[in-house]
Amino acid sequence: MLEIRNLHAEIDGKKIINGLSLTVNDGEIAAIMGPNGSGKSTLSYVISGREGYTVTDGEILLDGANLLEMDASVRAAKGVFLAFQYPLEIPGVTTMTFLKACMNAQRKARGEAEFSTPDFMKRVRAGAEKLGVPQDMLRRALNVGFSGGEKKRMEVLQMSLLEPTFAILDETDSGLDIDALRIVADGVNALRDPKRSFLVITHYQRLLDYIVPDTVHVMSKGRIVKTGGKELALELEANGYRDFVGEAA
Amino acid sequence: MNARSAPPQTSAEAKIAADYVGARLSLPGGHAVADLRDAAFDAFMAAGFPTRRVEAWHYTDLKRAMSEALPIASPPSATSILAQGARLASLCPRMEDVDSLRVVLVDGHFIPALSDVVRLPQGVALHSLADALAHGDAALIEALAAPGLGQGDAALALNTAFMQGGFVLDIAAGVDVVHPIEVVSLSSSVAAQAIYGRSLVRLGAGARLTLVEAEACDNGSIEQRNCALVCQIADDATLEHVFVPAELSQGSTHVAHLLASLQSRASFNSFTLARGGGLVRRQVFLRFDGDHSKAQLAGANLLKGRDHCDTTLIVQHVAPHCESREYFKSVLDEEATGVYQGKVIVAPGAQKTDGAMKSHAILLSDGATMNNKPELEIFADDVVCGHGATVSQLDEDQLFYAQARGLPKHDAEAMLLEAFVDESADRIENEAIRAHVIALMGGWLAARRRA
Amino acid sequence: MAAVQETVDRVKSVDVDAYKYGFFTDIESDKAPKGLSEDTVRFISAKKNEPVWLTEWRLDAYRRWLTMTEPDWARVEYPKIDYQDLYYYSAPKSSPGPKNLDEVDPELLRVYEKLGIPLREQEVLAGVQERRVAVDAVFDSVSVATTFKAELAKAGVIFCPISEAVHSHPELVKKYLGSVVPVTDNYFATLNSAVFSDGSFVYIPPGVRCPMELSTYFRINEQNTGQFERTLIIADKGSYVSYLEGCTAPKRDENQLHAAVVELITHDDAEIKYSTVQNWYPGDSEGKGGIYNFVTKRGDCRGARSKISWTQVETGSAITWKYPSCILRGDESRGEFYSIAISNGRQQVDSGTKMIHLGKNTTSRIISKGISAGRSNNTYRGQVSAHRKATNARNFTNCDSLLIGETCGAHTIPYIEAKNATAVFEHEATTSKISEDQLFYCKQRGLSAEEATALIVNGFVRDVLQQLPMEFAVEAQKLISISLEGSVG
């Protein structure tokens, strides 16, 4: 369970998150929607521990443990996963190499045994097949020369292999055509689990047709201004954000 | 480390030493200027003309080119000024669609009578260098000396010692000079002569100016030009600069210095079109003193015959968060030699520097040579710097494609060359001036096609 | 990735000054008197029982050296070297020359054991290593052992110390010595010509593909002793050889001079692949001690369609001054230079290459990856030049620098000279640091800052690592992380 209580955060002296509170229960899929500049991506960075952000007040607890005290890699080992809006390219490092380094680093941090090479290969191959990731992509340098859709698929593949307890999908639908969107959504849905929760950040309602949320939160000016069920997303699609933005102001 | 004994003085150097002793007392400026000149002269005499053993002159031997030192041009007489005024319009027609304010120099000397001084808007002050040196305050003398820029360069030291022609242009803070200022340089004498000019352009905070330097020389005589332009650009000011040096006759040497310093959030965009004419050395020393400033140095070198054109740029990032761009295109025909030396220096602490330089050359003839030396010297870690250099020919496939569509080979070549060099002129912001430069380049290419 | 994990573990296990080959072995040695004079030159020549022509060749070099001045154009700074305060010859007393391994001083064998260099053929054959490598081990001024000589001889390959080749194959040595790097080429090469001690000699006869990798392992042991090795490799028509070079030295407070000369010659259709992992003692983190490495390496693609490929991983030395070059004389010949140069602490690296295109249709390729950390300075200096008659010369250069920390410097000085209208040269260079975004991405996936940096750096140098023979690549990868130890903040 993820609990955010009265979070205030800023970057370069600029306040972005203003007293945000949010709870995502085990097994829940929560969606966050909001206009550009409402602080959605910042929230994902603050949860996952990107440097440069200053938390001035509030706390973020994952299963009761204070995330804010941990380094990004420690949070990852704790089960926090962020599917990036713009996944990074790492030239010269093959996808396979990267996956193995990450999986074993996390296992080691949790005191678990590292995967043997054949074991690891088997898992990756199976995961890749499910997501329609071709084998040759695994031998190429991570994300280098990948299309937008391939990069997003790679994010979901990483998520499936790292088996997080709390996954954030930051605008995972951006830049995807409808076929790619379906593949990615199927991949996410396959990972639904009573012990795993999701925070789906999106600008449009479209993604939520494929990844059906339990709850929908509207974010504006750094806080949650409205919470409802999945029908709230449809309402937003029809009426836009204007009403809610007004409410916050 | 190893003290090399100074090479013996050449006769040209000896002549210059004698000239200096003779001219010293009559050169413009008070005690402070005299001291500046003396120090520069001593520095020049200690080093002599640069040879290829001087790393910054790796591909250009000025000592060899300066086999003799020509007599220094004196200020033109009243008759000469009248004569130049009469042919100004034909020799240097106005740029199409550019309503410029003209500043006319004859043999390097500012001639108010031929210049559009009465049209100068408020906030724009223009003086001759001689006036400025004689009456200017300490700040002006220091500005002219451009401390820290081009230090150790013997050719610049020589200019400092002899500087006499030129002008000082001041744009007051906040003034946006709508009309481009066009500096036209003419040569009056048919006798071989040397010209040492230095000019200063100062932009106050937030000021904006477009400055065109156009040189014309039609008398067929040999010249030794050693001229410097100093640009001081204050906070938030913007200077666009286009320089079209004269095509001097073979045997001439032309050293053109540009010394620029930028304060914060300033912008400087400079373009040089070099069309050869003896030995040309274009050297730019630029320094970012304030943060968040941008500078672009671009140019095209169109060279044929035995032209030798050396473009050497030294860009110093001292302040953080600045961006520099260098972009040069060279076309080399016959036995021409092109040189591009670009050096970007990022000082410790100049974090977030973004520097990129490109030099692209096309060789058209077996006798042509292109030398590229794009250097990076980096002492700060959070930077993005890069350079690219290519040397190649016209693309055979493209040529064939154009020919297959019915273009004769020469026309097809000209078309591809035009596309190649025009890309550099795209960096000129002012559209009409850009069109003018592209037309000049087209003229060079057309002449080649006819040849 | 196992290798990444391993490097990180190793980085953690070493102390601040991570050099692991820094031990000194007390072996009684036979030295020339200190200082340099004609007598020193004669002493060395006499020790090696050299023919008169070679003694004269050395003396000529020495006399010319006296008239030369030390070059000062490189971006390196060091106190003046006192050439009279050095020993120019030092040999383990017990081992006057290479011989049967059983006769080699067991103490010496233990040194190589400690360094991980296999000198006992039977151990190699017993499968300690998957690939067999013949080794010439040079200890200070002499070669102490050369393995697999007999087996190589069956293929017609000559692989022996150059001091031995002078006697066994004088016609070859006389013909090729100094033919690529002339006696007066430069200050350090001339010094080497006067006092060179030992090094390897390789001759591959026409049409022979050398049946195993050849390797020379250089070790400086003695104090105040310069090492001046000389390597000469000739690949005759249609032959091929892959040659590896490794080097280490003890940790010492004072600097030691290493001025080597390597000459490669390829005839028609021949190929030499020359790989170096240079791991001389770099000095401590404050810049005390370390090797001054002034090396002249040059290959002459004399024959048509011949090829020379240099691969270097430079992690050691206080000062590196080194430009392995190719003279592309033969038509359609090809030169390659792949380099990883890492500097940390107070190291100064000025390294690069020259590709001189003389023949028709010659091609060259340069991939250089520089990594600077600590308070070091790392300079790439390269020249690509096409002469008038070098029609269709082609070069591609890629030169990237990575900065780790704000107190180091990275510099790029290329000279690109085209004197032929049919030349096509492409040069690209970048300088940057590891991006914060990349680091965060890796950390979000669970990697620590150290692991993330090691991973990204390994990716950065991968193009070059792939050029190394397998076992060297693994070793080099480990070395890279060790060299960057302490640089990740």
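Can you give the % of DSSP beta bridges in the protein assembly as shown that are antiparallel, to the nearest 5?
Here the antiparallel bridges make up roughly 15 percent for the protein assembly as shown.
According to the square roots a ≥ b ≥ c of the eigenvalues of the Cα gyration tensor, what is the shape class of region B:394-451, taking rounded for a/c under 1.5, prolate for a/b larger than b/c otherwise, and oblate for the remainder?
Taking the square roots of the gyration eigenvalues as a ≥ b ≥ c, region B:394-451 is prolate.
List for region C:394-414: residues with 30 Å² or greater reduction in accessible area, all protein chains versus chain alone, probe 1.4 Å?
SASA drop of 30 Å² or more in region C:394-414: C:L403, C:E406, C:H411, C:T412, C:I413, C:P414.
Please list, in order along region A:27-40, the HN-Hα scalar couplings obtained from phi with the Karplus expression 6.51 cos²θ - 1.76 cosθ + 1.60 (θ = phi - 60°), rounded to whole Hz, x for Gly and Pro.
Values per residue, Gly and Pro as x: x, 8, 10, 10, 10, 10, 10, x, x, 4, x, 7, x, 5 Hz.
Once a ≥ b ≥ c are taken as the square roots of the eigenvalues of the Cα gyration tensor of chain B, is the result rounded (a/c under 1.5), prolate (a/b larger than b/c) or oblate (a/b not larger than b/c)?
In terms of gyration-tensor shape, rounded.
Of A:K221/C:K443; C:K307/C:K354; B:K329/B:K358; A:K14/A:K221; A:K78/A:K130; B:K294/B:K358, which pairs sit farther than 19 Å apart, going by alpha carbon to alpha carbon?
Flagged as over cut-off: A:K221/C:K443; A:K78/A:K130.
For C:E38, C:E77, write out the residues from largest to smallest accessible area, computed with a 1.4 angstrom probe and no ligands counted.
Order by accessible area, largest first: C:E77, C:E38.
So, R0 is 30 Å and r is the distance between the beta-carbons of C:K154 and C:K175; what FRET efficiency does that work out to, to 0.05?
With R0 = 30 Å, the Cβ-Cβ based efficiency is 0.80.
Tell me the total accessible area that A and C bury against each other, 1.4 angstrom probe, in square angstrom rounded to 100.
Approximately 2300 Å², summed over both chains.
In terms of modelled amide H atoms, which long-range or inter-chain residues lie less than 5 Å from the amide H of B:G342?
Correct list: B:L313, B:K373, B:E375.
Quick check on the protein assembly as shown: take the gyration tensor over C-alpha atoms, sort the square-rooted eigenvalues as a ≥ b ≥ c, and tell me if it's rounded (a/c under 1.5), prolate or oblate.
oblate
Return the whole-Å distance between the Cα centroid of region B:380-451 and the Cα centroid of region A:55-83.
Comparing the Cα centres of region B:380-451 and region A:55-83, I get a distance of 56 Å.
At 1.4 Å probe size, with no ligands or nucleic acids counted, give the accessible surface of C:F472 in Å², nearest ten.
Rounded to the nearest 10, that gives 40 Å².
Would you check the accessible area of B:Y327, probe 1.4 Å, heavy atoms only, in square angstrom rounded to 10?
The accessible area comes out at roughly 30 Å².
When the solvent-accessible surface of protein heavy atoms is calculated with a 1.4 angstrom probe, in what order do B:E215, B:E247, B:E335 fall, highest first?
B:E335, B:E247, B:E215
If I fit a long axis through the Cα atoms of helix A:148-162 and take the longest principal axis of the Cα atoms of chain A, what angle between them do I get, 0 to 90°, rounded to 10?
Relative to chain A, helix A:148-162 is tipped by roughly 80 degrees.
Using the heavy atoms of the protein chains and a 1.4 angstrom probe, tell me the accessible area per residue for region B:394-451 in square angstrom.
Ligands and nucleic acids excluded, the result is 57 Å² per residue.
What average count of beta carbons from other chains do you get within 10 Å of the Cβ of residues in C:383-389?
Neighbouring Cβ atoms belonging to other protein chains average 2 per residue here.
Given a 1.4 Å probe and every protein chain left where it sits, what share in percent of the accessible area of region C:343-489 is carbon and sulfur?
49 percent
By what distance, in whole Å, do the Cα atoms of region C:362-489 stretch along each of the three principal axes, largest value first?
56, 33, 24
What do you get for trypsin sites (Lys or Arg not before Pro) in region B:31-122 restricted to DSSP loop and a cutoff of at most 16 other Cβ within 10 Å of the site's Cβ?
Passing both the DSSP loop test and the Cβ count: B:R52, B:R53, B:R94.
Hey, got the average number of other protein chain Cβ atoms within 10 angstrom for residues in A:85-96?
Partner Cβ neighbours, averaged per residue: 5.
Under a 5 Å amide H to amide H cut-off, with H placed in plane at 1.01 Å, what residues pair with A:L82 once short-range neighbours are removed?
Under 5 Å from the amide H of A:L82: A:I168.
With a 1.4 Å probe and every protein chain kept in, tell me what percent of the accessible surface of region B:394-451 is carbon plus sulfur.
50 percent
What are the residues whose amide H is under 5 Å from the amide H of C:T225, where those residues sit 5 or more places off or on another chain and H is modelled from the backbone?
For C:T225, the qualifying residues are C:Y87.
Show A:D186, C:D268 ordered by accessible area, largest first, where the area counts protein heavy atoms only and the probe is 1.4 Å.
A:D186, C:D268
Please give the total accessible area that chains B and C bury against each other, computed with a 1.4 Å probe and expressed in Å² to the nearest 100.
Buried surface at the B/C interface: approximately 3000 Å².
Per residue of region B:260-274, what does 6.51 cos²θ - 1.76 cosθ + 1.60 with θ = phi - 60° give for ³J(HN,Hα)? Whole Hz please, x for Gly and Pro, Karplus curve as stated.
With the stated coefficients, region B:260-274 comes to 10, 10, 10, 8, 6, 6, 8, 9, 9, 10, 10, 10, 10, 10, 9 Hz.
Average partner chain C-beta neighbours within 10 Å, per residue of C:456-463?
Whole-number average of other-chain Cβ neighbours for C:456-463 is 4.
Under the Karplus relation 6.51 cos²θ - 1.76 cosθ + 1.60, θ = phi - 60°, what is the ordered set of whole-Hz ³J(HN,Hα) values for region C:188-194, x standing for Gly and Pro?
Working through the residues one at a time gives 6, 5, 5, 4, 4, 4, 6 Hz.
Say each of A:E10 and A:D209 gets a label point 7 Å from the Cα, pointing the same way as Cα to Cβ; how far apart are those two points in nm?
Taking the simple label geometry, A:E10 and A:D209 are separated by 4.2 nm.
For every helix of n ≥ 4 consecutive DSSP H residues, a contribution of -39,500 (n - 2.57) applies; sum these over the protein assembly as shown, divide by its total residues, and give [θ] at 222 nm rounded to the nearest 500 deg cm²/dmol.
After summing the helix terms and dividing by residue count, I get -8500 deg cm²/dmol.
Hey, how many Å between the Cα centroid of region C:430-489 and the Cα centroid of region B:63-87?
62 Å
If I compute solvent accessible area with a 1.4 Å probe over the protein chains, what percent of it on region B:177-221 is carbon and sulfur?
With neighbouring chains kept in place, the figure for region B:177-221 is 51 percent.
Where the Cα atoms of region A:2-248 are projected onto their three principal axes, how long is each span, largest first, in whole Å?
55, 39, 34
The values are calculated or read from the model by the stated rules, or taken from the named source; none is laboratory data. Small disclaimer: the values here were computed from a predicted structure and weren't measured. Every residue, glycine as well, gets a Cβ built from its backbone with ideal geometry; the counts of neighbours run over all protein chains shown. Note: accessible area is taken over every heavy atom of the protein model, side chains too, but ligands, DNA and RNA are not part of it. Shrake-Rupley method; radii C 1.70, N 1.55, O 1.52, S 1.80 Å.
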